[in-house]
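S.K.: Quick one: this structure, given as structure tokens, is what I'll be asking you about.
What follows is calculated from the coordinates using simple rules that are stated; it is not laboratory data. Worth saying up front: this structure is predicted, and the values here are computed from it rather than measured. When we count neighbours, we look across all protein chains shown, and the Cβ atoms used for this are built from the backbone with ideal geometry, even at glycine.
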Amino acid sequence: MSSLTSQIVKISPMVILSILDHFTRRHVDQEYVIGTLLGTIAENGDIIVSNCFAIPYNVDAINDVEESHRTLLSLFRKVNKLEFVIGWYTTDTDIGSSHIQLQNFFSKECRHAGKDLQRPIVLTVDTSLKTNSIQSHVYTSSNIGVGDSPSHGLFFSSLAFEITTTSEDRPGLDLLLQASETGEATPSIEPVSDFHYLKRCLAALDNHLAVILDYVNAVCKGEIEGNPLIGRQISHVLSSIPQMPADELEEAFNTDLQDLLMVVYLSKLTRHQLSIARRLQNVISLGRDL
Amino acid sequence: MSVAAAAAANASSAVPTIPNDAILGSVTIDALVLMRIIKHCNESPNATGHILGFQTPDPTQANTIVSNLSHCYALPNLGAISNNNSWGFSISPAQIRDDKIAYSSSMLDALVDFNVEANVFGLYRAIQFGEVVSFEVIDDFLALEHPTATMITYDPIRSQHGAAALRAFRISKEFLSLSAAKDIRRIPSEDYAKAGLTFDNIFEEIPLTIRNSALVSAFLFDMPNKTNLSQLSLPDNVYFERVIDALADRINDQTHLTASMRQYGGRYLHNKKAVTEESRLNALLQCTQIESYCKQVSQFAGQALPKLFLAKGDSQ
């Protein structure tokens, strides 16, 4: 059990988006939605939640839940064989006795996966918006019982987790964040060109620098007390700027520039060649004049 | 006026009808669809899947519709299994097509339970170096049997070096009528030329919008580390090298093809035997692919050059 405490559950933002989508699509009389979490276990024991799918919510008919889960699991496994069942999600934030049946079912499913995950995890997402934010929690369970006697119940304890963005997710998440910044009722955005993107990044960098500059100025004037931690970090950043002699830099710049221009020139040449080829093709096909 | 007639009039005003000959003007993609596409495209270099949603008339443009893409699912990579299996037998293209249909129908059956709009209005594909069109892509697209379907492409490698490389396409009307009559691999190149088609304009790019639902916005509001400055790093030559390698390979192929066509051509003069249309179409297709690589190079250089000058200006 000691290894359990050092585990961190890493959740992909896509999983949360899926759960929110599932919740918006719930039936009229349905209070909560549930679904299966898929993912992998890293070598250091971290649980990585990378995918999920919805299953019908019906605690009274656990057989239906099982059947639906198995059907969808086999479909998802055909696409990605590396992900296996690691737990389940619910938008019911009040974890309690009503969840024991589901937790027991998913315990069996995790064992089928053949990985050393002792107990499935439960991810709760609060979609009620009572707290002004979408709060998530991750739990796992352990048996309550004496000695070898059969379990008398389950004890749910919370696990450390974080919503992690990989560098692969980053471009997509950036788009979504930009859309949100527009502040409209249904925020929307069109993907921008690389050049505009670069401009945005520079503006963001400029903002960051302004914040740091304001802080440093305020500390120098004695308006606020300097925080040694921030000071150390600023000096760390400043020292990470490479110092190169001007002529070396000039040379590196010129080499790179020449490479780039050469590549552009060659690709232009290829394109011209192709357009000639295309015209010739038309001449052959249609017997037209150039 | 009878109650029934009034109800009918109401219904028709509530659900605007879409004319049969309407064209697809633009697409809107939900946050979830975007993230699922990105996940799948990063996992597999030839990822593909179906996109679901609903279509509405475009209020700003007559005879034009908007596809609202609200859900998607990945398709298993059946082709790769058939090509790489260790037992040496291969699965026929017809078998792969049937498997895909079976997979998507069981997926749609399952999704209907969750009030997902179970209409396939498009497909997504992972692409490399801006290469959009190939016979397989056209096959997959035509298999949707929907004239206003859309194709979304995502280039995972390119996206690592700039903005998310996400594009939306529709199929051109001319090509659709051409392909309705003949097998696409047997359409004579004369017909292409007459219809004004090249492999460039079989798929036409259309505007694309990303949309967040209210809950998604609420979730994103609390997302940590909002600004991403990694794009400010100097251009990565590794990407360039990969594009140019691919470009060189293609040009090599093209040279081989031209050489073999020339042989055919010689025979044509002697024996009156025509060059097979498929090889001619292949040549045209390869031209387009080479061209798209070239475009990638200039686009990538277009962002690399200002960065380089910025870095220089910064150091002075």
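S.K.: Can you give the FRET efficiency to the nearest 0.05 for A:E181 and A:L213, using r as the Cβ-Cβ distance and R₀ = 22 Å?
M.R.: Details: r = 23 Å, r/R0 = 1.05.
Efficiency, from the Cβ-Cβ distance: 0.45.
S.K.: 5 Å is the cut-off here: which amide hydrogens, built 1.01 Å from N in the peptide plane, fall below it relative to B:T148, excluding neighbours closer than 5 in sequence?
M.R.: So B:T148 has HN proximity to no qualifying residue.
S.K.: Do the alpha carbons of any pairs in A:K268/B:K39; A:K10/A:K108; A:K81/B:K100; A:K78/B:K39; A:K199/B:K295 sit beyond 24 Å of each other, and which pairs? Present the calculation step by step, with values, prior to reporting the outcome.
M.R.: Numbers: A:K268/B:K39 34 Å; A:K10/A:K108 22 Å; A:K81/B:K100 17 Å; A:K78/B:K39 15 Å; A:K199/B:K295 21 Å.
In this structure, A:K268/B:K39 lie more than 24 Å apart at Cα.
S.K.: Here's something else I'd like to know. Obtain the nm distance between the two label points defined at B:S260 and A:S167 by a simple spin-label model: each point lies 7 Å from its Cα along the Cα-to-C-beta direction.
M.R.: According to this spin-label approximation, the distance is 3.9 nm.
S.K.: Only bridges with both residues in the stretch A:2-163 count here: give the DSSP antiparallel percent, nearest 5. Walk me through the intermediate numbers first.
M.R.: On the way: 25 of 35 bridges.
Expressed as a percentage, antiparallel bridges in the stretch A:2-163 total about 70.
S.K.: May I ask you to sort B:D99, A:D214 by Cβ crowding, counting other Cβ atoms within 10 Å and putting the fewest first? Intermediate results must be reported in sequence, preceding the final value.
M.R.: Values: B:D99 17, A:D214 10.
Fewest-to-most ranking of B:D99, A:D214: A:D214, B:D99.
S.K.: Please work out the FRET efficiency for the pair A:M262 and B:R185, using the Cβ-Cβ distance as r and a Förster radius of 30 Å; give the result to the nearest 0.05. Please list the in-between numbers first.
M.R.: On the way: r = 38 Å, r/R0 = 1.27.
With R0 = 30 Å, the Cβ-Cβ based efficiency is 0.20.
S.K.: Kindly provide the GluC sites (Glu not before Pro) of the stretch B:104-150 that DSSP labels as loop, not H, G, I, E or B, and whose Cβ sees at most 16 other Cβ atoms within 10 Å.
M.R.: Numbers: sites: B:E117, B:E131, B:E136, B:E145; in loops: B:E117, B:E131, B:E145.
Answer in residue order: B:E145.
S.K.: Turning to a different aspect of this structure: Please list, in order along the stretch B:155-168, the HN-Hα scalar couplings obtained from phi with the Karplus expression 6.51 cos²θ - 1.76 cosθ + 1.60 (θ = phi - 60°), rounded to whole Hz, x for Gly and Pro.
M.R.: 9, x, 6, 4, 5, 6, 10, x, 6, 4, 8, 10, 9, 10
S.K.: Let me know the longest stretch in chain A that avoids all GluC sites (Glu not before Pro) found in a DSSP loop with at most 10 other C-beta atoms within 10 Å.
M.R.: The reported range is A:44-222.
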